[in-house]
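Quick notes on the structure that follows.
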Amino acid sequence: MNRLKRKIIHFVLLLFVVWATYQIAWARYFYIVTAYCNCPVCINIPKYRDGYFASGKKLYWGAAAADPAVPFGAKIELVPQSPKDFLDILFLLRGRFKYRVEDRGGKIKGRHIDLYIPKSLGGHKKAIKWGKKRMRIKINGELAR
Ligand SMILES: [Zn+2]
């Protein structure tokens, strides 16, 4: 009985170490990944709804907004953390993992990226469906911290 007790304690400790390592080495670098479209709800300043991103490029599918620390043109890649993330990328984002930074946003600061979803892809409805996810991303091929 005593041996079993010790085994259980060791197992719980092991689980804790694995969990703590995951939190410290991986999950602390999670980004918030949201989505937006070119509507008055998503872009509430009319002059920014001019059909162009902050980079000056015309709106296109495959662009995203990021913190000003990430330069325009930087390549973003989503790193899904769960089967649900994977399926949502597959079905809501047409399987697109890679985006290019073209935009900025008042609320897009720090570890937060906002994926642009054009009307032809479902726009606002899709953006709401996507919601707010937490996952790691790659910036120009490297896992972002
Ligand atoms: Zn919208």
Original post:
Given H placed 1.01 Å from N in the peptide plane, which residues other than close sequence neighbours of His112 have an amide H under 5 Å from its amide H?
Top reply: Ile32, Asp67
Subject >> Among Ala27, Ala64, Ala127: highest mean-square fluctuation, GNM of the chain, C-alpha pairs under 10 Å >> reply: Ala27
Original post:
Relative contact order (percent) for region 30-143, with alpha-carbon contacts under 8 angstrom and 6 or more residues of separation?
Top reply: 46 percent
Original post:
For region 102-145, what is one quarter of the convex hull surface built on the Cα atoms, given in nm²?
Top reply: 3.9 nm²
Original post:
Across the chain, how large is the tail of the calculated P(r) beyond 25 Å, expressed as a percent of all Cα pairs?
Top reply: 35 percent
Original post:
Which lysines does Lys58 reach when only Cα atoms under 23 Å apart count, and residues fewer than 8 places away in its own chain are ignored?
Top reply: Lys47, Lys75, Lys98, Lys107, Lys109, Lys119, Lys125, Lys126
Original post:
So what is the calculated 222 nm ellipticity per residue for the chain, using -39500 (n - 2.57) for each DSSP H run with n of 4 or more, over all residues, to the nearest 500 deg cm²/dmol?
Top reply: -9500 deg cm²/dmol
Subject >> Net charge over other residues, Cβ less than 10 angstrom from the Cβ of Gly141 (K, R count +1; D, E count -1) >> reply: 0
Subject >> Antiparallel content of DSSP bridges confined to the chain, in %, to 5 >> reply: 65 percent
Original post:
Once the other residues with Cβ under 10 Å from the Cβ of Arg111 are scored (Lys, Arg +1; Asp, Glu -1), what is the net sum?
Top reply: +4
Original post:
Against the longest principal axis of the chain, how steep is helix 83-92, in degrees 0 to 90 to the nearest 10, with axes from Cα atoms?
Top reply: 10 degrees
**OP:** Give the cross-link partners of Lys57 among the aspartates and glutamates, using a straight C-alpha distance below 14 Å as the criterion and excluding same-chain residues fewer than 8 apart.
**Re:** Glu102, Asp103
**OP:** For region 41-55 and region 119-137, compute the distance between their C-alpha centroids and round to whole Å.
**Re:** 17 Å
Subject >> region 34-44 - phi-based ³J(HN,Hα) in whole Hz, Karplus 6.51/-1.76/1.60, Gly and Pro as x >> reply: 10, 9, 8, 10, 9, 10, x, 6, 6, 10, 8
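Every number here is computed from the coordinates shown, using simple stated rules; none is lab data. These figures come from a predicted structure and were not determined experimentally. Positions of Cβ are backbone-derived with ideal geometry, glycine not excepted, and every protein chain shown enters the neighbour counts.
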